[in-house]
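Only one structure is covered here, and it is reproduced in the block below.
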Amino acid sequence: GFVDVAVQAAYDAGNFYLRLQWAGSGASVKDAALAADDKADRISVQIADKISTFRNFGCFITCHDDEEHMPANRGAETHLYGYYTRDKGAVKDQATLDGYRSKGQFMDLWIASFAGAEVKASDQSVLDSRTEDNNDLTATGSYENGKYTVVITRKLATGDANDLALTDGTAFSIGIAVHDNGNGGRKHY
């Protein structure tokens, strides 16, 4: 399914700001225990600038049938990954993966989730797996009149090799996923 999301972006000399607003149920605002059970209402944003297939297909290049909670998973702990990090199902060698990362060929993943009125930010990256990094994000937000509003703030350049540097004049593609109404795992809009 789909949910309309209003997106506004701005930046100044040091920071990038992303404001997102969408209609939602308010489930994990009303019941913060849902967040402890990995069912927080949240929004996830994947950003990439050096992967042509991401420009065409967005975050679909990181979702696969063998991940946890997917039909073809056989009990393995498999998270989001870039399809290009696999060769006949096996993860490519570390030197190849390091080359992708050094060239910026990974997805920056930003997540803002609601546990009651608290908004939590999580900064991750996706290459051969989804991994947490230095959490260079802050997020604020609210749920009012049936709508979520979130503002994510991050420095343009964090110095973290797991973050994409956001530079003036560079085009970035984004993929947005909205988790709502107590849905966990792969269930999102």
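Brief remarks follow.
- The Cα center of region 1-59 and the Cα center of region 85-115 differ in position by 19 Å.
- Charged neighbours of THR158, selected by a Cβ distance under 11 Å, balance to -4 (K, R count +1; D, E count -1).
- Spin-label model, PHE2/ASN135: points 7 Å from Cα along the beta carbon direction are separated by 3.5 nm.
- Label point distance in nm, GLU144-SER102, each placed 7 Å from Cα along Cα→Cβ: 5.0
- Using the Karplus relation 6.51 cos²θ - 1.76 cosθ + 1.60 with θ = phi - 60°, the per-residue 3J(HN,Hα) values for region 30-37 come to 6, 9, 4, 5, 4, 5, 5, 9 Hz, with x marking Gly and Pro.
- Using a probe of 1.4 Å, the accessible surface attributed to LYS155 totals some 120 Å² when neighbouring protein chains are kept in position.
- When PHE16, PHE54, PHE172 are compared by accessible surface with a 1.4 Å probe, the order from highest to lowest is PHE172, PHE16, PHE54.
- Residue order for SER44, SER102 - accessible surface, 1.4 angstrom probe, largest first: SER102, SER44
- On the basis of the beta-carbon distance and an R0 of 35 Å, GLU118 and VAL91 show a calculated FRET efficiency of 0.45.
- Here region 135-174 is scanned for amide nitrogen atoms under 16 Å from the site 7 Å beyond the Cα of ALA13 along Cα-to-Cβ, giving 155-157, 168.
The values are calculated or read from the model by the stated rules, or taken from the named source; none is laboratory data. Please read these numbers as outputs of a predicted model, since none were measured by experiment. Here the Cβ is made from the backbone with ideal geometry for all residues, glycine too, and neighbour counts use every protein chain on show. We work out accessible area using only protein heavy atoms, side chains counted, and drop any ligands, DNA or RNA first. Shrake-Rupley method; radii C 1.70, N 1.55, O 1.52, S 1.80 Å.
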